[in-house]
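Notes for the one structure printed next.
A short reminder: the numbers here are calculations on the coordinates, not readings from a lab. Note that the coordinates shown come from a computational prediction; the quantities given were computed from them, not determined experimentally. Cβ placement follows ideal geometry from the backbone for every residue including glycine, while neighbour counts extend to all protein chains displayed.
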Amino acid sequence: MKKLTIIASAVLLSLGINSSAIAKDGTYVASEVGRNGSIKVQVVIKDSKIASVKVLDWSETHPVADQTKTELIPEIVKYQTTNVNNISGATLSSFAIKGAVNKCLKEAGLDVKNFSKATPKPAMHNETITENVDVVIVGGGGAGLSAAVTAGKAGKKVVLVEKNGFIGGNTSVSGGCFNVANVHQENITMTEGQKKIVEGILAEKVLNPLHEELLNKVKKQWEEYKASGSDKLFDSPELHALQTWKSGDKKANLELVYTLTQNVRPMMEELASMGVNWNGKANQFVGALWPRTQRATNFKSGVGYVDTFLEYIKAKKLPVQIITATAANDLIIKDGRVAGVLAKNKNGTRYVLNAKDGVLLATGGFSANVKMR
């Protein structure tokens with residue numbers, strides 16, 4: 001049998017018949033491991049070509065990996081090759097899809113080498129677009145989207161630029177935990193260890209006037225708590241601020257930290273008005289300093305906040321324009337003030353974004369970049 005197979009192959013080669021000529025048209029399914037688990041892909045082969053590619057099942061992170069469906073897969077079909085560029089931020093998902101497609105090609109009797117040619121370089125544009133708006137926001141993570149909603153609700157015309165091809169930034173890959181004091185903590189009993197933590201914070205050396213002010217407020221709150229005889233968890237925005245500041249080796253701006261802890265409860269209420277359903281029970285998740293972590297019931301990760309903002313912008317028809325795959329390169333300075341942003345899209349299009357009221361930089365998610373840090 002082996003000898004006959006070799007002879008048959010030789011005859012095919014002598015006749016100039018490619019092995020793909022005997023490929024089997026049909027529908028093939030294969031899986032490869034991606035970022036969060038197995039990705040199942042369906043490939044339809046027709047006339048020895050890739051007719052379509054479809055993801056049947058996956059658990060990859062939305063919206064980070066979504067571009068593998070909207071950009072990577074269409075390129076595989078268009079150019080008849082799995083040698084397409086990976087999607088930035090979704091490298092493992094990209095590799096998995098391409099690997100599963102290759103498995104399907106092999107199963108169909110096709111030579112994978114014939115589907116590995118490089119794709120042509122994308123056409124570059126040489127145009128400049130000027131936008132005159134009230135506010136320009138750089139960065140489309142949770143902070144940038146929150147600012148865009150706030151400005152949009154105030155009637156401001158907003159342009160938000162994001163260097164990635166998707167909106168969400170670091171928030172979209174976070175766990176979605178939300179820390180706020182004095183909310184949904186009624187059923188938590190104070191432990192002896194937690195009491196010692198509070199006493200330790202109150203015994204710390206004063207480092208600045210605001211530190212002293214917060215310590216005095218917490219001391220008063222603590223004495224009132226002990227006098228009440230309560231065994232429920234003790235908490236306050238001031239304790240939250242002191243713990244947060246301490247966890248960062250006291251290098252942060254304490255005034256800004258306190259602003260955060262004072263305003264996080266109103267933000268929680270505003271998010272509820274926008275569609276976030278809180279589960280009504282505080283907990284202490286990994287990395288949290290105190291049992292003040294809130295979770296939503298209608299989503300399981302930070303991407304829920306991203307979707308909430310995007311859906312709100314759309315539903316309320318806020319004057320917010322979002323431009324993705326566009327990196328801000330420089331600030332426009334006029335008369336000693338920041339008056340706009342110069343940006344460039346990955347396709348070469350340049351943007352001059354003039355901001356009447358100001359520019360907000362919300363590009364804080366660089367903790368993984370040691371050089372920038």
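Here's the list of aspartates and glutamates a cross-link from Lys356 could span, going by alpha-carbon distance under 19 Å and ignoring same-chain residues fewer than 8 apart: Glu131, Asp134, Asp330, Asp335. Taking each residue as 0.36 nm, the span from Lys314 to Asn263 lengthens on full extension beyond its C-alpha to C-alpha distance by 15.8 nm. A straight Cα-to-Cα reach below 22 Å connects Lys195 with the lysines Lys205, Lys217, Lys219, Lys220, Lys226, Lys232, Lys246, Lys250, Lys281, residues fewer than 8 places away in its own chain not being considered. In this rough spin-label picture, where each label sits 7 Å from Cα along the Cβ direction, the Thr191-Asp249 distance is 2.7 nm. Summed over all non-identical Cα pairs, the Kirkwood treatment of segment 181-277 gives a radius of 14.5 Å. When only alpha carbons of segment 21-115 are considered, Rg and Dmax amount to 12.4, 40 Å. You can think of it this way: the chain between Ile129 and Gln221 has 27.5 nm of extra reach, that is 0.36 nm per residue less the Cα-Cα gap. Using the Cα centre of the chain as origin and beta-carbon charges of +1 (Lys, Arg) and -1 (Asp, Glu), tell me which of Val55, Asn102, Val158 is placed farthest towards the positive end of the dipole. The residue sitting most towards the positive pole is Asn102. Take 91-98, 315-322 and order them by the average number of nearby Cβ atoms within 10 Å per residue, most first; the result is 91-98, 315-322.
Among Asp25, Asp357, the order by Cβ neighbours within 10 angstrom, fewest to most, reads Asp25, Asp357. Modelled label positions at Val352 and Lys371, each set 7 Å beyond Cα in the direction of Cβ, lie 3.1 nm from each other. Length gained on full extension, Val112 to Lys54, computed as 0.36 nm times the residue gap minus the Cα-Cα distance: 19.0 nm. Here is how the number arises for the chain: DSSP H runs of 4 or more residues each give -39500 (n - 2.57), the sum is divided by the residue count, and the result at 222 nm is -10500 deg cm²/dmol.
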